[in-house]
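Student: Would you mind keeping the following structure in view while I ask a few things?
The values are calculated or read from the model by the stated rules, or taken from the named source; none is laboratory data. Owing to the predicted nature of the structure, the values given are computational and were not obtained by experimental measurement. We place every Cβ from the backbone using ideal geometry, glycine too, and count neighbours over all the protein chains shown. To get the accessible areas, we keep the full protein, side chains included, count just its heavy atoms, and leave off ligands, DNA and RNA. Shrake-Rupley method; radii C 1.70, N 1.55, O 1.52, S 1.80 Å.
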Amino acid sequence: MAPRTCSQVRVGVAGAGIMGADHVRTLHRWVGGAVVAAVADPDAERARAAVADIPGAEAVDDPLGMAADEAVDAVLVASPDATHVEIAVAALRAGKAVLCEKPLAPTLAEAEPLAAAARAPGAPLFAVGFMRRFDPGYAALAGAIASGRLGAVRLVHHLSRGVHAGPGTTSASLLTGSAIHDLDIIPWLLRSPAVEVGWAAPAAVLDRDLVDPQLVLLRTADGALATIEVFLSARYGYDVRCEVVGDQATASLPVPAELVLDAAQARTVRHSADWRARFAAAYRLQLQAWVDAIRGGPRDPALATAGDGYQAQRVAEAAIEAMRGGRPVAVGP
Ligand SMILES: NC(=O)c1ccc[n+]([C@@H]2O[C@H](COP(=O)([O-])OP(=O)(O)OC[C@H]3O[C@@H](n4cnc5c(N)ncnc54)[C@H](O)[C@@H]3O)[C@@H](O)[C@H]2O)c1
(Lines give C-alpha, C1' and ligand atoms only; values in the text may rest on other atoms or scores of the structure.)
Protein backbone atom coordinates (compact mmCIF):
# COMPACT_ATOMS: atom_id res chain seq x y z
CA MET A 1 0.00 0.00 0.00
CA ALA A 2 0.98 3.64 -0.38
CA PRO A 3 3.74 4.73 2.02
CA ARG A 4 2.67 7.36 4.50
CA THR A 5 3.85 10.80 3.39
CA CYS A 6 4.00 13.73 5.88
CA SER A 7 0.67 13.72 7.65
CA GLN A 8 -1.35 12.57 4.70
CA VAL A 9 -4.42 10.59 5.61
CA ARG A 10 -4.35 7.13 4.02
CA VAL A 11 -7.93 6.42 3.00
CA GLY A 12 -9.40 3.00 2.32
CA VAL A 13 -12.59 3.03 0.26
CA ALA A 14 -15.09 0.19 0.74
CA GLY A 15 -17.14 -0.34 -2.42
CA ALA A 16 -16.02 0.48 -5.94
CA GLY A 17 -19.40 0.96 -7.62
CA ILE A 18 -20.85 4.22 -8.90
CA MET A 19 -20.24 6.21 -5.71
CA GLY A 20 -17.10 4.46 -4.50
CA ALA A 21 -15.32 4.93 -7.82
CA ASP A 22 -16.43 8.57 -7.92
CA HIS A 23 -15.15 9.20 -4.37
CA VAL A 24 -11.83 7.53 -5.27
CA ARG A 25 -11.40 9.87 -8.28
CA THR A 26 -12.37 12.92 -6.22
CA LEU A 27 -10.03 12.03 -3.36
CA HIS A 28 -7.14 11.40 -5.71
CA ARG A 29 -7.56 14.46 -7.93
CA TRP A 30 -9.16 17.15 -5.80
CA VAL A 31 -8.69 16.57 -2.07
CA GLY A 32 -5.58 17.81 -0.33
CA GLY A 33 -3.97 15.99 2.60
CA ALA A 34 -5.14 12.50 1.69
CA VAL A 35 -4.10 9.58 -0.48
CA VAL A 36 -6.18 6.64 -1.62
CA ALA A 37 -4.34 3.73 -0.01
CA ALA A 38 -6.75 0.91 -0.84
CA VAL A 39 -10.07 0.12 -2.44
CA ALA A 40 -11.98 -2.96 -1.26
CA ASP A 41 -14.77 -4.61 -3.20
CA PRO A 42 -15.76 -8.29 -3.31
CA ASP A 43 -15.92 -7.69 -7.06
CA ALA A 44 -12.12 -7.61 -7.39
CA GLU A 45 -12.28 -6.38 -10.98
CA ARG A 46 -14.16 -3.26 -9.89
CA ALA A 47 -11.62 -2.59 -7.16
CA ARG A 48 -8.77 -2.96 -9.68
CA ALA A 49 -10.48 -0.60 -12.14
CA ALA A 50 -10.97 2.01 -9.41
CA VAL A 51 -7.24 2.11 -8.52
CA ALA A 52 -5.93 1.68 -12.06
CA ASP A 53 -4.70 5.29 -12.33
CA ILE A 54 -3.61 5.70 -8.71
CA PRO A 55 0.04 4.87 -7.99
CA GLY A 56 0.50 2.90 -4.77
CA ALA A 57 -3.20 2.24 -4.17
CA GLU A 58 -4.03 -1.40 -3.57
CA ALA A 59 -7.11 -3.25 -4.81
CA VAL A 60 -8.41 -5.81 -2.29
CA ASP A 61 -11.51 -7.97 -2.01
CA ASP A 62 -11.95 -7.96 1.78
CA PRO A 63 -13.44 -4.72 3.16
CA LEU A 64 -13.25 -5.88 6.78
CA GLY A 65 -9.58 -6.76 6.37
CA MET A 66 -8.97 -3.33 4.89
CA ALA A 67 -10.83 -1.67 7.78
CA ALA A 68 -8.44 -3.35 10.23
CA ASP A 69 -5.27 -2.79 8.19
CA GLU A 70 -2.66 -0.58 9.86
CA ALA A 71 -1.79 0.90 6.48
CA VAL A 72 -5.20 2.63 6.42
CA ASP A 73 -6.01 5.62 8.65
CA ALA A 74 -9.58 6.29 7.60
CA VAL A 75 -12.37 4.41 5.84
CA LEU A 76 -14.90 5.76 3.37
CA VAL A 77 -17.88 3.39 3.24
CA ALA A 78 -19.52 3.40 -0.21
CA SER A 79 -20.78 -0.17 -0.31
CA PRO A 80 -24.48 -1.20 -0.47
CA ASP A 81 -26.67 0.16 2.35
CA ALA A 82 -27.01 -3.24 4.07
CA THR A 83 -23.21 -3.53 4.48
CA HIS A 84 -22.56 -0.08 6.03
CA VAL A 85 -22.96 -1.06 9.69
CA GLU A 86 -20.57 -4.03 9.65
CA ILE A 87 -17.80 -2.17 7.81
CA ALA A 88 -18.16 1.15 9.61
CA VAL A 89 -18.32 -0.43 13.09
CA ALA A 90 -15.24 -2.56 12.30
CA ALA A 91 -13.37 0.55 11.14
CA LEU A 92 -14.37 2.59 14.20
CA ARG A 93 -13.33 -0.26 16.52
CA ALA A 94 -9.97 -0.37 14.74
CA GLY A 95 -9.57 3.34 15.55
CA LYS A 96 -10.18 4.64 12.01
CA ALA A 97 -12.12 7.77 11.12
CA VAL A 98 -15.16 6.96 8.98
CA LEU A 99 -17.21 8.71 6.33
CA CYS A 100 -20.26 6.53 5.72
CA GLU A 101 -22.51 7.02 2.72
CA LYS A 102 -26.16 7.58 3.54
CA PRO A 103 -28.22 5.92 4.93
CA LEU A 104 -26.56 4.49 8.05
CA ALA A 105 -28.44 1.24 7.33
CA PRO A 106 -31.62 0.11 5.55
CA THR A 107 -33.67 0.51 8.77
CA LEU A 108 -33.43 2.47 12.00
CA ALA A 109 -33.16 -0.72 14.07
CA GLU A 110 -30.24 -1.93 11.96
CA ALA A 111 -28.55 1.50 12.27
CA GLU A 112 -28.48 1.42 16.08
CA PRO A 113 -25.15 -0.41 16.59
CA LEU A 114 -23.43 2.05 14.23
CA ALA A 115 -25.00 5.10 15.85
CA ALA A 116 -23.89 3.73 19.26
CA ALA A 117 -20.31 2.98 18.09
CA ALA A 118 -19.98 6.43 16.51
CA ARG A 119 -21.24 8.19 19.64
CA ALA A 120 -19.19 6.15 22.14
CA PRO A 121 -16.79 8.26 24.23
CA GLY A 122 -13.42 8.53 22.49
CA ALA A 123 -14.77 7.17 19.19
CA PRO A 124 -12.87 8.27 16.07
CA LEU A 125 -14.34 10.97 13.84
CA PHE A 126 -17.52 9.81 12.13
CA ALA A 127 -19.54 11.53 9.41
CA VAL A 128 -22.53 10.61 7.22
CA GLY A 129 -22.56 11.49 3.52
CA PHE A 130 -25.26 14.15 3.49
CA MET A 131 -23.18 16.10 0.97
CA ARG A 132 -25.94 18.53 -0.08
CA ARG A 133 -24.99 20.56 3.00
CA PHE A 134 -21.73 21.37 1.16
CA ASP A 135 -23.35 22.30 -2.16
CA PRO A 136 -22.64 26.01 -2.83
CA GLY A 137 -26.30 26.59 -3.79
CA TYR A 138 -27.71 25.06 -0.61
CA ALA A 139 -25.07 26.89 1.45
CA ALA A 140 -26.18 30.21 -0.11
CA LEU A 141 -29.81 29.33 0.58
CA ALA A 142 -28.97 28.55 4.22
CA GLY A 143 -27.15 31.90 4.42
CA ALA A 144 -30.15 33.78 3.01
CA ILE A 145 -32.47 32.14 5.57
CA ALA A 146 -30.09 32.77 8.46
CA SER A 147 -29.66 36.43 7.43
CA GLY A 148 -33.35 37.04 8.13
CA ARG A 149 -33.96 38.55 4.68
CA LEU A 150 -36.77 36.08 4.00
CA GLY A 151 -38.50 36.90 7.29
CA ALA A 152 -40.21 33.93 8.90
CA VAL A 153 -40.06 30.85 6.67
CA ARG A 154 -43.56 29.55 5.94
CA LEU A 155 -43.06 27.06 3.11
CA VAL A 156 -40.35 25.06 1.39
CA HIS A 157 -40.99 23.47 -2.01
CA HIS A 158 -38.42 20.83 -2.73
CA LEU A 159 -38.15 18.31 -5.52
CA SER A 160 -35.63 15.63 -6.41
CA ARG A 161 -36.03 13.91 -9.77
CA GLY A 162 -33.94 11.30 -11.52
CA VAL A 163 -33.90 9.50 -14.84
CA HIS A 164 -34.87 6.07 -13.52
CA ALA A 165 -35.08 4.19 -10.23
CA GLY A 166 -32.14 1.89 -9.48
CA PRO A 167 -32.63 -1.90 -9.47
CA GLY A 168 -34.29 -3.20 -6.34
CA THR A 169 -35.78 0.16 -5.31
CA THR A 170 -38.98 -0.25 -3.29
CA SER A 171 -41.60 2.29 -2.22
CA ALA A 172 -39.99 2.27 1.24
CA SER A 173 -36.37 2.46 0.06
CA LEU A 174 -37.30 5.45 -2.12
CA LEU A 175 -37.83 7.18 1.24
CA THR A 176 -34.98 5.67 3.27
CA GLY A 177 -32.43 5.69 0.42
CA SER A 178 -33.29 8.72 -1.74
CA ALA A 179 -35.70 11.08 0.03
CA ILE A 180 -33.43 10.85 3.08
CA HIS A 181 -31.28 13.58 1.50
CA ASP A 182 -34.34 15.89 1.42
CA LEU A 183 -35.38 14.85 4.94
CA ASP A 184 -31.94 15.91 6.15
CA ILE A 185 -31.45 19.10 4.15
CA ILE A 186 -34.75 20.83 4.96
CA PRO A 187 -34.37 20.75 8.76
CA TRP A 188 -30.71 21.69 8.16
CA LEU A 189 -31.68 24.73 6.08
CA LEU A 190 -34.35 25.87 8.53
CA ARG A 191 -32.33 24.96 11.65
CA SER A 192 -35.52 23.36 12.90
CA PRO A 193 -36.26 19.63 13.34
CA ALA A 194 -39.09 17.74 11.64
CA VAL A 195 -42.05 17.18 13.95
CA GLU A 196 -44.62 15.58 11.63
CA VAL A 197 -44.72 13.91 8.22
CA GLY A 198 -47.59 13.22 5.88
CA TRP A 199 -47.47 11.23 2.65
CA ALA A 200 -49.35 11.18 -0.67
CA ALA A 201 -48.92 9.85 -4.21
CA PRO A 202 -50.83 10.12 -7.48
CA ALA A 203 -53.68 7.59 -7.68
CA ALA A 204 -52.30 6.31 -10.99
CA VAL A 205 -49.19 4.86 -9.33
CA LEU A 206 -50.58 3.87 -5.92
CA ASP A 207 -51.06 0.19 -6.74
CA ARG A 208 -47.68 -0.29 -8.40
CA ASP A 209 -44.88 -2.33 -6.80
CA LEU A 210 -42.80 0.85 -6.73
CA VAL A 211 -44.87 3.93 -5.94
CA ASP A 212 -43.01 6.68 -7.79
CA PRO A 213 -43.42 9.68 -7.60
CA GLN A 214 -44.14 10.25 -3.92
CA LEU A 215 -44.93 13.44 -2.05
CA VAL A 216 -43.95 13.98 1.59
CA LEU A 217 -45.39 16.84 3.63
CA LEU A 218 -43.00 17.74 6.41
CA ARG A 219 -43.75 20.11 9.29
CA THR A 220 -40.85 21.59 11.24
CA ALA A 221 -40.83 22.68 14.88
CA ASP A 222 -40.76 26.36 13.87
CA GLY A 223 -44.13 25.99 12.11
CA ALA A 224 -42.96 25.80 8.49
CA LEU A 225 -44.40 23.30 6.00
CA ALA A 226 -42.32 21.62 3.29
CA THR A 227 -43.56 19.82 0.20
CA ILE A 228 -41.05 17.18 -0.91
CA GLU A 229 -41.51 15.55 -4.29
CA VAL A 230 -39.32 12.56 -5.07
CA PHE A 231 -39.66 11.19 -8.60
CA LEU A 232 -36.91 8.70 -9.37
CA SER A 233 -38.18 7.79 -12.86
CA ALA A 234 -38.84 11.28 -14.20
CA ARG A 235 -36.93 10.33 -17.38
CA TYR A 236 -35.77 13.74 -18.59
CA GLY A 237 -32.72 14.18 -16.35
CA TYR A 238 -31.41 14.60 -12.81
CA ASP A 239 -33.04 17.70 -11.36
CA VAL A 240 -33.07 19.05 -7.81
CA ARG A 241 -34.96 22.25 -6.98
CA CYS A 242 -35.69 24.10 -3.79
CA GLU A 243 -37.66 27.26 -3.09
CA VAL A 244 -37.93 28.72 0.42
CA VAL A 245 -40.91 31.02 0.94
CA GLY A 246 -40.69 33.52 3.79
CA ASP A 247 -43.19 36.16 4.87
CA GLN A 248 -40.85 38.87 3.51
CA ALA A 249 -39.17 37.28 0.49
CA THR A 250 -38.49 33.96 -1.24
CA ALA A 251 -35.19 32.36 -2.22
CA SER A 252 -34.49 29.53 -4.65
CA LEU A 253 -31.57 27.33 -5.53
CA PRO A 254 -29.91 28.52 -8.72
CA VAL A 255 -30.83 26.29 -11.67
CA PRO A 256 -27.65 24.38 -12.47
CA ALA A 257 -27.28 23.58 -16.14
CA GLU A 258 -24.56 21.73 -17.99
CA LEU A 259 -25.40 23.84 -21.03
CA VAL A 260 -27.90 26.52 -22.01
CA LEU A 261 -28.40 26.55 -25.77
CA ASP A 262 -30.18 29.37 -27.56
CA ALA A 263 -31.09 28.29 -31.08
CA ALA A 264 -34.00 28.25 -33.51
CA GLN A 265 -36.07 30.71 -31.43
CA ALA A 266 -35.82 28.46 -28.37
CA ARG A 267 -33.73 28.07 -25.23
CA THR A 268 -32.77 24.55 -24.11
CA VAL A 269 -31.07 23.58 -20.88
CA ARG A 270 -29.05 20.38 -20.64
CA HIS A 271 -29.55 18.48 -17.38
CA SER A 272 -27.06 16.18 -15.65
CA ALA A 273 -27.68 12.48 -16.17
CA ASP A 274 -27.27 11.79 -12.45
CA TRP A 275 -26.20 13.19 -9.10
CA ARG A 276 -22.45 12.95 -9.63
CA ALA A 277 -22.13 15.96 -11.92
CA ARG A 278 -24.82 17.97 -10.13
CA PHE A 279 -23.18 17.57 -6.73
CA ALA A 280 -19.51 17.25 -7.76
CA ALA A 281 -18.53 20.35 -5.76
CA ALA A 282 -20.49 19.12 -2.74
CA TYR A 283 -18.79 15.69 -2.76
CA ARG A 284 -15.38 17.34 -3.06
CA LEU A 285 -15.98 19.89 -0.29
CA GLN A 286 -17.43 17.21 2.00
CA LEU A 287 -14.39 14.97 1.51
CA GLN A 288 -12.03 17.89 2.08
CA ALA A 289 -13.85 18.82 5.31
CA TRP A 290 -13.65 15.19 6.50
CA VAL A 291 -9.91 14.96 5.72
CA ASP A 292 -9.20 18.36 7.32
CA ALA A 293 -10.98 17.25 10.50
CA ILE A 294 -9.05 13.94 10.57
CA ARG A 295 -5.84 15.97 10.31
CA GLY A 296 -6.79 17.88 13.43
CA GLY A 297 -8.65 20.86 12.00
CA PRO A 298 -11.97 21.98 13.46
CA ARG A 299 -14.96 19.87 12.50
CA ASP A 300 -17.01 21.71 9.88
CA PRO A 301 -20.53 21.95 11.30
CA ALA A 302 -21.86 20.92 7.88
CA LEU A 303 -20.33 17.44 8.32
CA ALA A 304 -23.35 15.34 9.29
CA THR A 305 -23.03 13.41 12.55
CA ALA A 306 -24.27 9.93 13.38
CA GLY A 307 -27.13 11.67 15.23
CA ASP A 308 -28.04 13.56 12.04
CA GLY A 309 -28.03 10.29 10.09
CA TYR A 310 -30.16 8.62 12.74
CA GLN A 311 -32.63 11.53 12.87
CA ALA A 312 -33.13 11.64 9.07
CA GLN A 313 -33.72 7.90 9.15
CA ARG A 314 -36.28 8.33 11.91
CA VAL A 315 -38.15 10.85 9.73
CA ALA A 316 -37.96 8.48 6.73
CA GLU A 317 -39.45 5.68 8.82
CA ALA A 318 -42.23 8.01 10.00
CA ALA A 319 -42.94 8.75 6.31
CA ILE A 320 -43.17 5.00 5.62
CA GLU A 321 -45.62 4.72 8.53
CA ALA A 322 -47.64 7.63 7.07
CA MET A 323 -47.64 5.87 3.67
CA ARG A 324 -48.92 2.63 5.20
CA GLY A 325 -51.35 4.15 7.67
CA GLY A 326 -52.80 6.87 5.44
CA ARG A 327 -52.41 9.64 7.98
CA PRO A 328 -49.68 12.04 9.19
CA VAL A 329 -47.24 10.70 11.77
CA ALA A 330 -45.53 12.62 14.56
CA VAL A 331 -41.72 12.45 14.66
CA GLY A 332 -40.22 11.99 18.10
CA PRO A 333 -37.40 14.25 19.36
N1 LIG B 1 -24.58 10.60 -1.32
C2 LIG B 1 -25.14 10.34 -2.48
O3 LIG B 1 -25.52 11.24 -3.20
C4 LIG B 1 -25.30 8.92 -2.94
C5 LIG B 1 -25.68 8.66 -4.25
C6 LIG B 1 -25.79 7.34 -4.66
C7 LIG B 1 -25.55 6.30 -3.78
N8 LIG B 1 -25.21 6.59 -2.50
C9 LIG B 1 -24.94 5.51 -1.54
O10 LIG B 1 -23.64 5.01 -1.83
C11 LIG B 1 -23.59 3.60 -1.58
C12 LIG B 1 -23.13 2.89 -2.84
O13 LIG B 1 -24.05 3.15 -3.88
P14 LIG B 1 -23.65 2.89 -5.41
O15 LIG B 1 -24.67 3.60 -6.21
O16 LIG B 1 -22.22 3.17 -5.62
O17 LIG B 1 -23.90 1.31 -5.53
P18 LIG B 1 -23.28 0.31 -6.63
O19 LIG B 1 -24.21 -0.85 -6.66
O20 LIG B 1 -22.95 1.02 -7.89
O21 LIG B 1 -21.89 -0.15 -5.99
C22 LIG B 1 -21.80 -0.88 -4.80
C23 LIG B 1 -20.46 -1.61 -4.82
O24 LIG B 1 -20.25 -2.20 -3.55
C25 LIG B 1 -19.72 -3.51 -3.75
N26 LIG B 1 -19.97 -4.30 -2.55
C27 LIG B 1 -20.94 -5.22 -2.31
N28 LIG B 1 -20.81 -5.70 -1.06
C29 LIG B 1 -19.72 -5.08 -0.52
C30 LIG B 1 -19.08 -5.15 0.73
N31 LIG B 1 -19.53 -5.95 1.72
N32 LIG B 1 -18.01 -4.37 0.93
C33 LIG B 1 -17.53 -3.54 -0.02
N34 LIG B 1 -18.11 -3.43 -1.23
C35 LIG B 1 -19.20 -4.19 -1.46
C36 LIG B 1 -20.38 -4.01 -5.02
O37 LIG B 1 -19.62 -5.06 -5.60
C38 LIG B 1 -20.37 -2.74 -5.86
O39 LIG B 1 -19.19 -2.59 -6.60
C40 LIG B 1 -25.00 3.21 -1.13
O41 LIG B 1 -25.04 3.19 0.27
C42 LIG B 1 -25.87 4.33 -1.66
O43 LIG B 1 -27.05 4.51 -0.89
C44 LIG B 1 -25.07 7.87 -2.07
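Student: From the phi of every residue in the stretch 36-41, what ³J(HN,Hα) in whole Hz does the Karplus formula 6.51 cos²θ - 1.76 cosθ + 1.60 yield, where θ is phi - 60° and glycine or proline is x?
Tutor: Those phi angles translate into 7, 8, 7, 10, 10, 8 Hz.
Student: May I ask you to give the percent of accessible area on the stretch 163-306 that is carbon plus sulfur, with a probe radius of 1.4 Å?
Tutor: Details: 3880 of 6950 Å².
C and S atoms contribute 56 percent here.
Student: How do the peptides 319-325, 8-14 rank, highest first, by the average count of neighbouring beta carbon atoms within 10 Å per residue? Could the numbers behind the result be given before it?
Tutor: Numbers: 319-325: 18.7, 8-14: 26.1.
Result, highest mean Cβ count within 10 Å first: 8-14, 319-325.
Student: Given a cut-off of under 8 Å on Cα pairs at least six residues apart, what relative contact order in percent is computed for the chain? Spell out each step's value before the answer.
Tutor: Working: 715 pairs, mean separation 63.0, N = 333.
Across the chain, relative contact order equals 19 percent.
Student: May I ask you to give the solvent-accessible area per residue for the stretch 130-211, in square angstrom, as obtained with a 1.4 angstrom probe? Spell out each step's value before the answer.
Tutor: Numbers: 3360 Å² over 82 residues.
With the other protein chains kept in place, the stretch 130-211 gives 41 Å² per residue.
Student: Can you name the helices of the chain, as whole DSSP H runs, whose Cα span along the helix axis is 27 Å or more and whose Kyte-Doolittle mean is not below -1.0?
Tutor: Values: long enough: 306-325 (28 Å, -0.38).
Once both thresholds are applied, what remains is 306-325.
Student: Right, next: Name the residues whose placed amide hydrogens come within less than 5 Å of the amide hydrogen of Ala304, ignoring near sequence neighbours (fewer than 5 apart) on the same chain.
Tutor: Residues meeting the criterion, in which the H sits 1.01 Å from N, are Val128, Phe130.
Student: Moving to a separate point now. Roughly to the nearest percent, how much of the accessible area of the stretch 69-148 is carbon and sulfur, given a 1.4 Å probe? It would help to have the intermediate numbers written out before the result.
Tutor: Values: 1630 of 2850 Å².
The nonpolar share, carbon plus sulfur, comes to 57 percent.
Student: Also: Name the chymotrypsin sites (Phe, Trp or Tyr not before Pro) in the stretch 222-292 that are in a loop by DSSP and that have at most 11 other C-beta atoms within 10 Å, would you?
Tutor: Numbers: sites: Phe231, Tyr236, Tyr238, Trp275, Phe279, Tyr283, Trp290; in loops: Tyr236, Phe279.
When the chymotrypsin sites (Phe, Trp or Tyr not before Pro) of the stretch 222-292 are filtered for loop state and at most 11 Cβ neighbours within 10 Å, Tyr236 remain.
Student: Counting only DSSP beta bridges with both residues in the chain, tell me the antiparallel percent, nearest 5. Walk me through the numbers before you get to the answer.
Tutor: Values: 32 of 59 bridges.
So the antiparallel bridges amount to about 55 percent of the total.
Student: Please work out whether the stretch 184-239 counts as rounded, prolate or oblate from its C-alpha gyration tensor, where a ≥ b ≥ c are the square roots of the eigenvalues and a/c under 1.5 means rounded, while otherwise a/b larger than b/c means prolate and anything else oblate?
Tutor: On the way: a/c = 3.52, a/b = 1.76, b/c = 2.00.
It is oblate, given that a/c is not under 1.5 and a/b is not larger than b/c.
Student: I would also like to ask the following. Rounded, prolate or oblate: pick one for the stretch 111-242, where a ≥ b ≥ c are the square roots of the eigenvalues of its C-alpha gyration tensor, a/c under 1.5 means rounded, and failing that, prolate if a/b is larger than b/c, else oblate. Don't skip to the end; give the middle numbers.
Tutor: Working: a/c = 1.70, a/b = 1.16, b/c = 1.46.
Oblate.
Student: Ok, one more. By average Cβ neighbour count within 10 Å, what is the ranking of 247-255, 53-61, 173-181 from highest down? The partial results should precede the final answer.
Tutor: Details: 247-255: 13.4, 53-61: 16.9, 173-181: 24.0.
Ranked from most to least packed, the peptides come out as 173-181, 53-61, 247-255.
Student: May I ask for the net charge around Cys242, where only other residues with Cβ less than 14 Å from the Cβ of Cys242 are counted and Lys, Arg are +1 while Asp, Glu are -1? Please list the in-between numbers first.
Tutor: Working: positive: Arg132, Arg133, Arg161, Arg241, Arg278; negative: Asp135, Asp182, Asp184, Glu229, Asp239, Glu243.
Surrounding charge for Cys242 is -1.
Student: Just name one of Leu261, Ile54, Gly148: the one whose Cα is farthest towards the positive end of the charge dipole of the chain (beta-carbon charges, Lys/Arg +1, Asp/Glu -1).
Tutor: Gly148
Student: In the stretch 148-182, whose amide N lies under 11 Å from the spot 7 Å out along Cα-to-Cβ of Ala200? List them in ranges.
Tutor: Within reach of a label on Ala200: no residues.
Student: I need the shape label for the stretch 198-333. Rule: rounded when a/c is under 1.5, else prolate if a/b > b/c, else oblate, with a, b, c from the alpha carbon gyration tensor.
Tutor: Details: a/c = 1.67, a/b = 1.03, b/c = 1.62.
The shape class here is oblate.
Student: Right, here's the next one. How large is the charge dipole for the chain, taken about the Cα centre, if only the Cβ atoms of Lys, Arg (+1) and Asp, Glu (-1) carry charge, to the nearest 20 debye? Please report the intermediate quantities before stating the final value.
Tutor: Values: 30 positive and 36 negative charges, 171 e Å.
Rounded to the nearest 20 debye, it is 820 debye.
Student: Something else: In whole Hz, what ³J(HN,Hα) sequence does the stretch 224-241 give by Karplus (6.51, -1.76, 1.60; θ = phi - 60°), x for Gly and Pro?
Tutor: So the J values, rounded to whole Hz, are 7, 10, 10, 9, 10, 9, 10, 9, 6, 10, 7, 6, 6, x, 8, 8, 10, 10.
Student: Taking the stretch 159-212, which trypsin sites (Lys or Arg not before Pro) meet the DSSP loop condition and have no more than 10 other C-beta atoms within 10 Å?
Tutor: On the way: sites: Arg161, Arg191, Arg208; in loops: Arg191, Arg208.
When the trypsin sites (Lys or Arg not before Pro) of the stretch 159-212 are filtered for loop state and at most 10 Cβ neighbours within 10 Å, Arg208 remain.
Student: Hey, another quick one. Take the solvent-accessible surface of the protein heavy atoms, probe 1.4 Å, and return the percent of it on the stretch 12-66 that carbon and sulfur atoms account for.
Tutor: Numbers: 1230 of 2380 Å².
The value for the stretch 12-66 is 52 percent carbon and sulfur by accessible area.
Student: Could you derive backbone 3J(HN,Hα) for the stretch 213-222 from the dihedral phi with the Karplus parameters 6.51, -1.76 and 1.60 (θ = phi - 60°), listing whole Hz in sequence and x where the residue is Gly or Pro?
Tutor: Karplus values, whole Hz, x for Gly and Pro: x, 10, 10, 10, 9, 10, 9, 9, 4, 7.
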